[in-house]
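The values are calculated or read from the model by the stated rules, or taken from the named source; none is laboratory data. Fair warning: this is a prediction, and the values are worked out from it, not measured in the lab. Quick reminder, even Gly has a Cβ in these numbers, built from the backbone with ideal geometry, and neighbours come from all protein chains shown.
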Amino acid sequence: MLKAVENLSAYYANPTRFMRLAGLLHAPVWGLALSVLVLGLYMASGVPDDYQQGATVRIMFVHVPAAWLSLFAYSFIFFASVTALVFRHPLGHVAARAAAPIGATFTFIALVTGALWGQPMWGTWWVWDARLTSVLVLFFIYLGYIALWQAIEDYGQAARAAAILAIVGFVNVPIVKFSVDWWNTLHQPASVSRFAPPALHPDFLYPLLVMGLAFMLLFAALVLTRMQMEVLRRRALIRQGARHV
Amino acid sequence: MRIFLALMFQQVRLGWRGGQTVLAIAFLFIAVTLLPFGIGPELRLLKELAPGLVWVVMLLTLMATLDRLFQADLEDGALDQLFLLPLALELVVLAKATGHFVVVVLPLLLAVPLAGILLNIEPVALPSLMAALALGAPSLVLLGAIGAALSVTVRRATMLTGLLVMPLYVPVLIFGIAASTPSAGGDGAVNAAGLGVLALFGLAALLLAPVAIAAALRAGLR
């Protein structure tokens, strides 16, 4: 199984082969992503009003999947960086760089929709509880990662430095989560009750899962497209004879 | 070992001659002076906030001094020489970080009581604050060095380094503040559990950070 994955990734390490595969996948992935998204939004709109929160509960169907994706995207960046740095897969750097702004955007969406949800529900736009604070720190990790890519001129050097940052940051994310949890219980009691997804009524659970799938497919489509764009951009620059690609 | 010590003392000498010690202390007091203008000079408020304010100001000062760690060497070519030493790069960066600690962080720690007085810190809280800062400082220097090494080839990278280092500093800050609070009893006894966590961070940083720093330097100079 592992050998098959190795062979497959080695086969597609060739950017030309990757571009061919990406070209084939492009339309289907986008089509699937958008249709599942439409389905999810339709299901979410049909959900009955929550007896406590009324219609604002519908923000959950954007907020929760965005939060899921913000963490998933960072894990993706971590694995892509390890693949690039340790296994020297050339497309690892491309994949990590492509995913970063998308992950940052999902994190931002999670934060903003959370604030929009929090204002009617808790009476405040923001509170420094464990979950919000650790997601905010995650957002800063994304920003730092993107900033490092942009600050270093040489592509190879930027790629390696960013990969190291991604790995260090990945180790740090659970530490931040754990320490902010500890800080929260130390300094302020949790005023928010988290619902555990499995305990969610099917009327709410199924649209949420569909939206989660939709966001995941959207992530895949966006990363694939951005990877294609990156390969094309570098090819164009090389053809022009640019010094820094 | 000789090379390690030589590197460390060289970092100290360069830092001292370059005015890094005085500049860092000056920055600390600039920040401490600005605070009462911002939050008001009410002594009761300052007393409550003092340990937290000192921690944050320390973090910002450290972030500001980081780019002198590797960039000065890069600029005059000394960084390439560091790669050629018969000492492992991880130990080389550890020596530089230790030197930075001695020339910049130790003086800052010595300046903390005065900064605390300016912020009307509770005298009973001062030993805990000092202990927490002293135990947290090694991990702050090492984590900061990771950021400095990642941005070593970027000119004027102070802001970038600060952004890279901020998520790494958050856990240390959280546990540092917790450790700065004297344990219940109010007799000034230190918060042993909190200090233990900071010491743990320090040890983990000591073992793991040099690997990341060396990897970042290699990535920057290949």
Just to verify a result, which residue in the stretch B:20-64, among those that are over 20 Å from B:I177 (Cβ atoms) and polar (S, T, N, Q), is surrounded by the fewest Cβ atoms within 10 Å (Cβ to Cβ)? B:T33
Across the stretch A:179-189, which residue is modelled with the lowest pLDDT among those that are in a helix (DSSP H, G or I) and either touching an Asp or Glu at 6+ places or on another chain (Cβ under 8 Å) or within 8 Å of another protein chain (Cβ to nearest Cβ) (or both)? A:L186
Do you know which residues across the stretch A:75-91 are buried (at least 23 other Cβ atoms within 10 Å of the Cβ) and modelled with pLDDT under 95? A:A84
Restricted to the stretch A:10-57 and to residues being touching a residue at least 12 places away in the same chain (Cβ under 8 Å) and of a type in the set (S, T, N, Q), the residue nearest to A:W117 (Cα to Cα) is A:T56
As an exercise: evaluate B:L69 against (1) surrounded by 22 or more Cβ atoms within 10 Å (Cβ to Cβ); (2) closer than 22 Å to B:A157 by Cα; (3) modelled with pLDDT of 90 or more and give the number of the one condition it does not meet. (3)
Is it the case, given these coordinates, that B:P182 is within 14 Å of B:L62 (Cβ to Cβ) and not small (G, A, S)? no
Please work out if A:A115 is closer than 28 Å to B:I177 by Cβ, out of contact with any Leu (no Cβ under 8 Å at 6 or more places or on another chain) and free of Cβ contacts under 8 Å to residues at least 24 places away in the same chain. yes
Residues located in the stretch B:37-74, provided they are assigned to a loop (DSSP other than H, G, I, E, B) and touching a Gly at 6+ places or on another chain (Cβ under 8 Å): B:L69
Looking at B:D73, B:D80, B:D67, can you tell me which residue is free of Cβ contacts under 8 Å to residues at least 24 places away in the same chain, of a type in the set (D, E) and within 29 Å of B:R222 (Cβ to Cβ)? B:D73
In the stretch A:138-178, what count of residues is obtained for those that are facing another protein chain (nearest Cβ under 7 Å), touching a residue at least 24 places away in the same chain (Cβ under 8 Å), surrounded by 22 or more Cβ atoms within 10 Å (Cβ to Cβ) and of a type in the set (A, V, I, L, M, F, W, C)? 3
Say we look at the stretch B:170-179 and pick out the residues that are touching a residue at least 24 places away in the same chain (Cβ under 8 Å) and facing chain A (nearest Cβ under 10 Å); which of these is nearest to A:K177 (Cα to Cα)? B:P171
What helices (runs of 4 or more DSSP H) completely inside the stretch A:1-100 contain at least 1 residues that are closer than 15 Å to A:F215 by Cα and over 21 Å from the mean Cα position of the chain (by Cα)? A:15-45
Looking at (1) under 21 Å from B:L49 (Cβ atoms); (2) touching a helix residue (DSSP H, G or I) at 6+ places or on another chain (Cβ under 7 Å); (3) at pLDDT below 95, which is the one condition that is false for B:P127? (2)
Qualifying residue in the stretch B:119-141 (condition: of a type in the set (S, T, N, Q), within 14 Å of chain A (Cβ to nearest Cβ) and touching a Phe, Trp or Tyr at 6+ places or on another chain (Cβ under 8 Å)): yes
Among (1) within 10 Å of chain A (Cβ to nearest Cβ); (2) closer than 30 Å to B:L217 by Cβ, B:A148 falls short only on (1)
As an exercise: evaluate B:P210 against (1) in contact with an Asp or Glu (Cβ under 8 Å, 6 or more places away or on another chain); (2) away from chain A (no Cβ under 11 Å); (3) at pLDDT 95 or above; (4) surrounded by fewer than 21 Cβ atoms within 10 Å (Cβ to Cβ) and give the number of the one condition it does not meet. (4)
I'd like to check something: does the stretch A:108-123 contain any residue that is within 14 Å of chain B (Cβ to nearest Cβ) and buried (at least 17 other Cβ atoms within 10 Å of the Cβ)? no
For the stretch B:180-190, which positions are at pLDDT 75 or above and more than 11 Å from chain A (Cβ to nearest Cβ)? B:S180
Candidates B:L143, B:L133, B:L163, filtered to the one that is of a type in the set (A, V, I, L, M), under 21 Å from the mean Cα position of the chain (by Cα) and farther than 17 Å from A:L148 by Cβ: B:L133
